[in-house]
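Data block below; observations after.
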Amino acid sequence: MARTRNSKSSFISLNPSFFTHLLSLTPFYSLHYSPRKNSRTTQTNLSSSPFLSLCFISLLVSLTLFGILLSTFTTLFQNYVSCPDTSSSSSSSSSLFIASVLAVQDEPVTLSTGAMVPLPAHGIVGNFSQEEKEFWKQPDNNGYMPCLDFSLKYRKASAKISKEKRKFLVVVVSGGLNQQRNQIVDAVVIARILEAALVVPVLQVNHIWGDDSEFSDIFDVEHFKKTLKADVRIVASLPSTHFVSKQTINRELPFHVSPLWLRARFLKQLKEEGLLILKGLDSKLSKNLPPDLQKLKCKVAFHALRFAAPIRELGYQIARRMWIEGPSVAIHLRLEKDVWIRTGCLTGLGMQYDRIIRRERTSHPEYLTGKLNMTHAQRRLAGMCPLNASEMARFLKGLGAPSNARIYVAGGEPFGGTQAMQPLQKEFPNLVTKHTLARNGELTPYLEKSSTLAAIDYIVSLSSDVFINSHGGNMGRALEGHRAYVGHRKYIKPNKRMMLPFFEDSSVPEGEFKRIMKKLHSKSHGQPESRTNKIDRDVIAYPVPECMCKQ
């Protein structure tokens, strides 16, 4: 691709038919594309002086117009991702998605190389029963495709914001991998709102899992900077001119802060001091942002935040080992010890294990989240507890999953070890994890790196034919949106509040139980769902309509 005069601009590749359409409006098009005529007639017409003059003038005007269009193209179409002309067939969604192009500077970054895309979904071929076919069937994407069409106002402002060298934003992010990803996305958006350069985010040491990974250990830093070059200036470190002996760290941000609030609160400080440090961003930025900022969130989450090369390579190797065996399910069970402590739920493993959780919860009451005045049973029936292995096994059977289905279990070590997984293993023997799929010590360097292990889970889960999340959480929401963005891959969110009473009722026949489970989840298979259907939905989980267009 030829270099543009301003190498710092980013633009979106458009189909050549765009230029063909423009040329069709000029006299030059009739010269170049007119049908062949009788040679005698042509000779007579060309011999006329007025005709030659007209042709010559048309050629000059056309070439001039073309030159102007070419020179302004990068500025005019900066940050634009067009919706490709496709059918709505879900079976071709992967190839159509890869065909969408995002270009940064003079080096094209496609969705196949620039962002994380899944391995293609399996077709429903072979000896499957009708029930199994329904289980593996992918939802209809209704023609929705990625479409980040930033406004002209946004693109004009980018010229100044992307070159900012005086105001800097430093953000410290915390929590697990997907919690950190959410905060990084918000950090980019806040930098854009405040028109500040963003220092590569600092990852706080995770004291729960003992992970001291830095940004560059988990994410591809150069890709992050290059993908967002037209939106926000991102620097590796704070310039020495901005170091101060004592700097205030802003920790107490309220929830759902708006762009107006951020400018009123921090813009003066940024202009005077040139530096702003923020910490504790989790869920603080409003979910209801202007369209351009919603699109920027999608650009960061689905394009810029690509895992580092070693993680991607290992993650896709493990994903391919799952894929080659046929269609698979990925489930995020959330059976770790800290989850039981925080949710206030019973483990289902017996009194011995429940006493351990109760003791930990009593020692650290601050860990408990949610409503404190509810009993264990009330919490469970309200849908506030993760499904345990026994409940997940029955849920899968109720949805029609074949007993020989390959099931990948994402997440950390379950509390109770192998005993906790026995009910699921009994019903679905083809149960695997990253540890059982890895070979020759592939995971050994990362056994103490919880974020890297979570990233591998993310990649494998993204490529599964079906994903089921047992208990919300940041990973579940991230995958819900990412699977939608790459073609609405099947995603099932258990309706625990509605279905658990039927788990308790032993009088319901198995056939009736299956019918109920399928009916309860008939509209929750990952079909396109608008973010605006409910208030305060995150565009990262629901990219329609701001980040996806319908053909």
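The values are calculated or read from the model by the stated rules, or taken from the named source; none is laboratory data. This one's a predicted model, so the numbers in the text were calculated from it and none came from an experiment. Here Cβ is always computed from backbone atoms with ideal geometry, including for glycine, and neighbour counts include all displayed protein chains. Just the protein is used for accessible areas: all its heavy atoms, side chains included, with ligands, DNA and RNA removed. Shrake-Rupley method; radii C 1.70, N 1.55, O 1.52, S 1.80 Å.
Which order do the peptides 282-292, 496-506 take when ranked by the mean count of other beta-carbon atoms within 10 Å per residue, highest first?
282-292, 496-506
Restricting the calculation to Cα atoms, every distinct pair contributes to the Kirkwood radius of region 245-302, found to be 12.9 Å. Here the spin labels are modelled as points 7 Å beyond Cα on the Cα-Cβ line, and at T436 and F502 they lie 2.8 nm apart. Against the empirical curve 2.2 N^0.38 Å, the C-alpha radius of gyration of region 442-551 lands at a ratio of 1.28.
The value given for region 299-365 is a Kirkwood hydrodynamic radius of 15.6 Å, derived from the mean inverse Cα-Cα separation.
Spin-label model, N142/E325: points 7 Å from Cα along the beta carbon direction are separated by 3.5 nm.
Highest-first packing order for the peptide set 433-440, 297-304 is 297-304, 433-440, based on the mean count of other beta carbon atoms within 10 Å. Packing around the peptides 266-274, 453-461, taken as the average count of other Cβ atoms within 10 Å per residue, puts them in this order, highest first: 453-461, 266-274. When all alpha-carbon pairs of region 202-266 are counted, what percent fall beyond 13 Å? Cα-Cα pairs of region 202-266 separated by over 13 Å account for 79 percent. The label point for K268 and the one for D536, both projected 7 Å from the Cα toward the Cβ, are 3.0 nm apart. Available extension along the chain between S363 and N495 is 44.3 nm, counting 0.36 nm per residue and deducting the alpha carbon span. Note on R312: accessible area approximately 50 square angstrom, rounded to 10, probe 1.4 Å, nucleic acids and ligands left out. Using 0.36 nm per residue and subtracting the Cα-Cα separation, the extra length available between S240 and K163 on full extension is 25.9 nm. Cross-link candidates for K271: which aspartates and glutamates have Cα within less than 17 Å, leaving aside residues fewer than 8 places away along the same chain? Those aspartates and glutamates meeting the cut-off are E164, E195. Charged side chains reduced to their Cβ positions (Lys and Arg at +1, Asp and Glu at -1) give region 340-495 a dipole of some 360 debye around its Cα centre. Enter the accessible area of E529 (Å², nearest 10), with the probe set to 1.4 Å and all protein chains included. The accessible area of E529 comes to roughly 70 Å². Extents of region 234-333, largest first, come to 60, 34, 27 Å (Cα atoms, principal axes, whole angstrom).
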